[in-house]
Amino acid sequence: MSQEKATLEIIAPSIDEAVDKGLEQLGLSQEEVEVEVLDAGSRGLFGIRARQARVRLIVRNSPNAVGKPVETQKATAFEMLSTESDRDYPSMTAQEIEIAEQVSVQVVKDLLEKMRVHATVSSTILEPEDSRDYPMVKVDIRGADLSILIGRKAETLNALQYITNLIVGKELGRWIPLLVDVQGYRSRRQQQLQQLARRMADQAIHTGRRQVLEPMPANERRFVHLELRDHPKVSTSSVGEDPNRKVTIFLKS
C-alpha cells in the first residue's frame with residue numbers, strides 16, 4: 001500500500017514567495033518537494049480585485065525527506081476555504097468558537113457601516129454533520145433590498161466573505177471556518193446545489209460517464225462534496241484552478 005504524501009498549501013503575494021514560505025515551514029529544500037500552482041494570483045487593476053498566489057507543496061518520498069519531521073501548519077487568515085474532503089482543519093474549543101462568533105459579527109457590522117449599508121447582523125454555529133466535518137461560524141445579514149451585497153453569481157457576497165475571513169483571521173491569529181450569508185441566499189443556493197449533486201450522481205450512474213459541473217467558488221463546491229461523500233456508488237473531486245475550479249462526479253471503482 002502506498003503511503004500518503006504530506007502536503008502543505010501556502011498563500012503569498014507571489015508564487016516564489018509562497019514556495020519559499022512553504023519550504024521554510026517544512027524545513028525542506030526545493031528538491032525535496034513537488035510544487036503545484038493552484039492559483040497564480042493577479043495584481044488586479046490599480047490594486048482592485050488583486051489576488052494572491054496559492055501553491056501546494058507535496059513532500060517527495062525521497063531518502064533526504066524520509067525521517068524529517070514535518071510540522072502541520074496552522075491555517076492563517078490568508079488561506080481561503082478549501083473543499084477537499086480530506087483536509088484537516090484546526091480544532092476549536094467551545095470558548096474559541098464563541099469568541100470567533102462574536103468577532104465575526106462585529107467585523108461584518110463594521111464593514112457594513114463603512115459601506116453605509118443598513119442591515120441586521122446575527123450569527124449561528126453550524127455543527128459538524130459527522131466526525132469528518134467541523135463547526136463553522138455563519139453570519140446572517142438581513143435587511144431591505146440587500147441585492148447589492150450579493151452581486152452577479154454571488155461575486156460581491158464571496159468577496160465580502162473573503163475580506164471578513166481575512167480580518168477575523170488576523171484578529172484571532174488563526175484561520176476560522178466562516179460563512180457569510182445575505183437574505184438566506186446561501187441557504188437557497190445550498191439546496192439547489194444538493195439537488196444538482198444528486199441529479200448529476202444519478203446521471204453518472206445511468207451513463208457510466210464522469211459528470212463535470214460548472215465552475216464554483218470553494219464554499220459552493222463544499223456543498224456538493226458533502227452531499228455525495230457517503231454516496232455508495234459515486235465519488236467527487238475538484239479539478240482545475242480557481243476561479244475556474246470544478247467538481248467532477250465519477251463512479252467508484
Exercise. Can you tell me which residues in the range 203-212 are at negative phi, outside any helix (DSSP H, G or I) and loosely packed, with under 15 Cβ neighbours inside 10 Å?
Worked result: Arg209, Arg210, Val212
Exercise. Scanning for something touching a Gly at 6+ places or on another chain (Cβ under 7 Å), aliphatic (A, V, I, L, M) and at pLDDT below 90, does the range 176-183 turn up at least one residue?
Worked result: yes
Exercise. In this structure, is Lys170 basic (Lys, Arg), at positive phi and at pLDDT below 90?
Worked result: no
Seminar exercise, completed: Within the range 10-42, the residues that are surrounded by fewer than 13 Cβ atoms within 10 Å (Cβ to Cβ) and part of a strand (DSSP E or B) are Glu34, Ser42
For this session: Return the only residue of Gln192, Gln161 being in the same structural domain as Leu126 (by TED's automatic domain parsing) and part of a helix (DSSP H, G or I).
Result: Gln161
Problem set entry | Residues (without any contact (Cβ under 8 Å) to a residue 40 or more places away in the chain, assigned to a strand (DSSP E or B) and hydroxyl-bearing (Ser, Thr, Tyr)) located in the range 213-253 | Ser235, Ser237, Thr248
For this session: With respect to Glu241, determine if the residue is crowded, with 17+ Cβ neighbours inside 10 Å, among the acidic types (Asp, Glu), in contact with a Leu (Cβ under 8 Å, 6 or more places away or on another chain) and not assigned by TED's automatic domain parsing to the domain that holds Glu36.
Result: no
For this session: Could you list all residues from the range 142-158 that are more than 13 Å from His118 (Cα to Cα) and not hydroxyl-bearing (Ser, Thr, Tyr)?
Result: Ile150, Gly151, Arg152, Lys153, Ala154, Glu155, Leu157, Asn158
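The values are calculated or read from the model by the stated rules, or taken from the named source; none is laboratory data. Note that the structure is a prediction, hence the values are computed from the model and not measured. FYI the Cβ positions are ideal-geometry reconstructions off the backbone, even for glycines, and counts take in every protein chain you see.
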